[in-house]
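Have a look at the structure below, then the notes.
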Amino acid sequence: MELDYKAIGKRIKIQRIQREMTQEKLAELTGLSNPHISNVETGSTQVSLKSLIAIANALEITPDVLLCDNIRYGKHIFKNAVMEAVDDCDEVEIRIMADMVQALKRSIRYRKKYFKEQE
């Protein structure tokens, strides 16, 4: 299995931006160079395990958050991401999102079943 370094880099960038952290600050906290952080975020360089751990620690997250696109059984990570996304929503917003998720789930399952029957 090959790692998707672009996906890892994208997740690093998202986490960094959510924390209102610059690449320079992340570089400072990790002991990595600013150009290296930039290359990791764009997926143009393969991040080492040592650097990945340093980045995760600096962002105060676990490495699985950055690797979830590469983990076969990462369902819990995505559940946590959804819960974090709605954390600042009020009750009405959450109810609307819950309705949308249910409708989306029905649509996806219907289409999966339809396309499977077409094979």
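The values are calculated or read from the model by the stated rules, or taken from the named source; none is laboratory data. What you are looking at is a predicted structure, and each value in this text was computed from that prediction instead of being measured. Note that each Cβ is placed from the backbone with ideal geometry, even for glycine, and that neighbours are counted across all protein chains shown.
Within the range 20-58, if we keep just the residues that are surrounded by 14 or more Cβ atoms within 10 Å (Cβ to Cβ) and among the charged types (D, E, K, R), the residue that is farthest from Glu84 (Cα to Cα) turns out to be Glu28. Going by the conditions given, is Ala54 part of a helix (DSSP H, G or I), assigned by the TED database to the domain that holds Ala7 and either at positive phi or of a type in the set (A, V, I, L, M) (or both)? Criteria met by Ala54. When Leu32 is tested against (1) part of a helix (DSSP H, G or I); (2) over 20 Å from Glu2 (Cβ atoms), only condition (1) is not met.
Please pick out the residue among Ile12, Ile55, Ile61, Ile77 that is at pLDDT 95 or above, β-branched (Val, Ile, Thr) and closer than 30 Å to Glu93 by Cα.
The conditions single out Ile12.
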